[in-house]
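The values are calculated or read from the model by the stated rules, or taken from the named source; none is laboratory data. Small disclaimer: the values here were computed from a predicted structure and weren't measured. Glycine also receives a Cβ, built like all others from the backbone with ideal geometry; neighbour counts cover every protein chain displayed.
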Amino acid sequence: MRFEGLNKEYDGKWVLKDFSINIPDEGSVCFFGPSGCGKTTLLRSISDRLTKEGFRTAWVFQEDRLLPWDSAAENVMLAGATREETLALLRELGLEDAASKRPHELSGGMKRRVAIARALAFGGDALVLDEPLKGLDADAKANSASLIRRIGPKLCLLVTHDREEAAMLSDSIVYVKGPPLAIV
């Protein structure tokens, strides 16, 4: 897929300026670069174009965005999973004992894994991940990455500045710098 002429500016400063890139139709592509270089803006721009072309995208944002009044399981079921599917996902992510807990009762790493479970429960055509493994310990990172790669949709796009995360989750890595964003 070709994405051409991506542009985005904030407060008169270009983050994306006539940026173009080819990405494969399937596989996992990581946009890797330092904090603040425009990776998330690029991810959002590509996701917007995919949505306009009819792709259904599931997101894991930098912040977990869980509904505080719902339990971990209810947050996952919002994506359309049955209770059984939800409990299976939570079990695979080591959260079987946290299914009935509300977000304020969960650690940061537990919240992150619930957000991953919710995105995987949604399915869709593409999985869009913004620093998806941040805050996870080594075992939780490895387990979450393995699950994402095993059951995620055929196209996965992610951004990170963490080399380990990039290696665990991607088939190809695009090194970027900016702003404005440029391929290195």
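Within segment 52-62, does at least one residue satisfy the condition of being part of a helix (DSSP H, G or I) and either at pLDDT 90 or above or closer than 22 Å to Ala167 by Cα (or both)?
The answer is yes, given that some residue of segment 52-62 is part of a helix (DSSP H, G or I) and either at pLDDT 90 or above or closer than 22 Å to Ala167 by Cα (or both).
Suppose we filter Ala140, Ala145 for residues that are over 15 Å from the mean Cα position of the chain (by Cα), assigned by TED's automatic domain parsing to the domain that holds Tyr10, surrounded by 19 or more Cβ atoms within 10 Å (Cβ to Cβ) and over 30 Å from Trp14 (Cβ atoms); which single one remains?
Result of the check over Ala140, Ala145: Ala140.
Just to verify a result, which residue in segment 97-112, among those that are closer than 28 Å to Asp125 by Cβ and in contact with a Pro (Cβ under 7 Å, 6 or more places away or on another chain), is surrounded by the most Cβ atoms within 10 Å (Cβ to Cβ)?
Going through the qualifying residues, I end up with Lys111.
Pick out the one residue from Gly80, Gly94 that is in contact with a Lys or Arg (Cβ under 9 Å, 6 or more places away or on another chain) and surrounded by fewer than 16 Cβ atoms within 10 Å (Cβ to Cβ).
Just one listed residue meets the conditions, Gly94.
How do the pairs read when you match residues in segment 166-184 that are assigned by TED's automatic domain parsing to the domain that holds Glu4 with residues anywhere that are surrounded by fewer than 18 Cβ atoms within 10 Å (Cβ to Cβ) and part of a loop (DSSP other than H, G, I, E, B), using Cβ under 6 Å and keeping only pairs 6 or more apart or on different chains?
Hits for this filter: Tyr175/Val184; Lys177/Val184.
Which number in (1) over 19 Å from Glu165 (Cβ atoms); (2) modelled with pLDDT under 95; (3) not basic (Lys, Arg) marks the one condition that Ser100 misses?
Only one criterion is unmet by Ser100, namely (2).
Has segment 37-51 got at least one residue that is surrounded by 16 or more Cβ atoms within 10 Å (Cβ to Cβ), outside the structural domain of Gly152 (by TED's automatic domain parsing) and assigned to a loop (DSSP other than H, G, I, E, B)?
No, because not a single residue in segment 37-51 is surrounded by 16 or more Cβ atoms within 10 Å (Cβ to Cβ), outside the structural domain of Gly152 (by TED's automatic domain parsing) and assigned to a loop (DSSP other than H, G, I, E, B).
Is segment 68-84 home to any residue that is among the charged types (D, E, K, R), assigned to a loop (DSSP other than H, G, I, E, B) and modelled with pLDDT of 95 or more?
Scanning segment 68-84, I find at least one residue that is among the charged types (D, E, K, R), assigned to a loop (DSSP other than H, G, I, E, B) and modelled with pLDDT of 95 or more, so the answer is yes.
Being more than 30 Å from Leu147 (Cβ to Cβ) and either without any contact (Cβ under 8 Å) to a residue 12 or more places away in the chain or buried (at least 17 other Cβ atoms within 10 Å of the Cβ) (or both) is the filter here; which residues of segment 18-29 pass it?
The one that is more than 30 Å from Leu147 (Cβ to Cβ) and either without any contact (Cβ under 8 Å) to a residue 12 or more places away in the chain or buried (at least 17 other Cβ atoms within 10 Å of the Cβ) (or both): Phe19.
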